[in-house]
1. Identify which of 59, 83, 40 has the largest mean-square fluctuation in a Gaussian network model of the chain, with springs joining Cα atoms closer than 10 Å.
2. Among 75, 50, 89, which one shows the highest mean-square fluctuation when the chain is modelled as a Gaussian network with alpha-carbon springs under 10 Å?
3. Compute the Rg to Rh ratio over the range 16-79 from the alpha carbon atoms, using the Kirkwood formula for Rh, and round to two decimal places.
4. Checking the cross-link filter: which lysines have an alpha carbon closer than 18 Å to that of residue 137, excluding same-chain neighbours under 8 positions apart?
5. Which of 121, 99, 74 moves most in a GNM of the chain, Cα contacts under 10 Å?
6. Go through the range 98-165 and name the chymotrypsin sites (Phe, Trp or Tyr not before Pro) that are in a DSSP coil and have 11 or fewer other Cβ atoms within 10 Å of their Cβ.
7. Mind listing the phi-derived Karplus ³J(HN,Hα) values for the range 55-62, rounded to whole Hz, using 6.51, -1.76 and 1.60 with θ = phi - 60°, and x for any glycine or proline?
8. Taking H placed 1.01 Å from N in the peptide plane, check which residues at least 5 places from residue 154 or on another chain put their amide H under 5 Å from its amide H.
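The values are calculated or read from the model by the stated rules, or taken from the named source; none is laboratory data. Small disclaimer: the values here were computed from a predicted structure and weren't measured. Ideal geometry is used to build each Cβ from the backbone, glycine not excepted, and the neighbour counts take in all protein chains shown. Surface areas here come from the heavy atoms of the whole protein model, side chains and all, with no ligands, DNA or RNA. Shrake-Rupley method; radii C 1.70, N 1.55, O 1.52, S 1.80 Å.
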Amino acid sequence: MATIYGSDRTRITIYAPGSSTPLARITLQEEDSEGLVLSWRPEGVKHSLGGGAAWANHWTHRGHRPQLQISWAAGMTSSIETWDGSAWGAPVVILTPLAIAKILSSAFLAPCMVEPHLDKAYSFLAQPDPERPFELKDVGAAVHTDLGISLLGQTVGPIPDWAAL
């Protein structure tokens, strides 16, 4: 796993179910230091070949699946822009826990476009990790703490040259 630092925030575009029509794009609050992990998990199949002294493992590689995990010590504000059919509306401030809830609710129905850092030319379609629950922990009913989101890429491919993006 590699931690990637960028100088710009992460944006998620959510789509209408069953179409490529965007509904909204959410620019998440800047993650805490060491709060963004972009990783590429190898995908493939391991085969055991032979037996006895001639036994060997063989890996059939299919590529790498991108995964984005972001965490925040406290949820503050993000922004959301809605698509009116011809243009993006003005950004509106939204609480980060609500932004995450919108992403999770929509992305389970239709993959979302993930742009890990807007200053890098890298994006991928992803859906939430179904193994990770959405948890809200609060401090004195004033702020949500330990927020996070995990998005898994829909397709596999090569690991990009991150320095060249």
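1. 59
2. In this elastic network of the chain, the residue with the biggest mean-square fluctuation among 75, 50, 89 is 50.
3. Looking at the range 16-79, the ratio lands at 1.27.
4. Correct list for residue 137: 102.
5. Highest fluctuation of the listed residues: 121.
6. Qualifying residues, ordered by number: none.
7. Along the range 55-62, the couplings run 5, 7, 9, 10, 9, 9, 8, 10 Hz.
8. Here the answer is 125, 126, 127, since their amide H atoms fall under 5 Å of that of residue 154.
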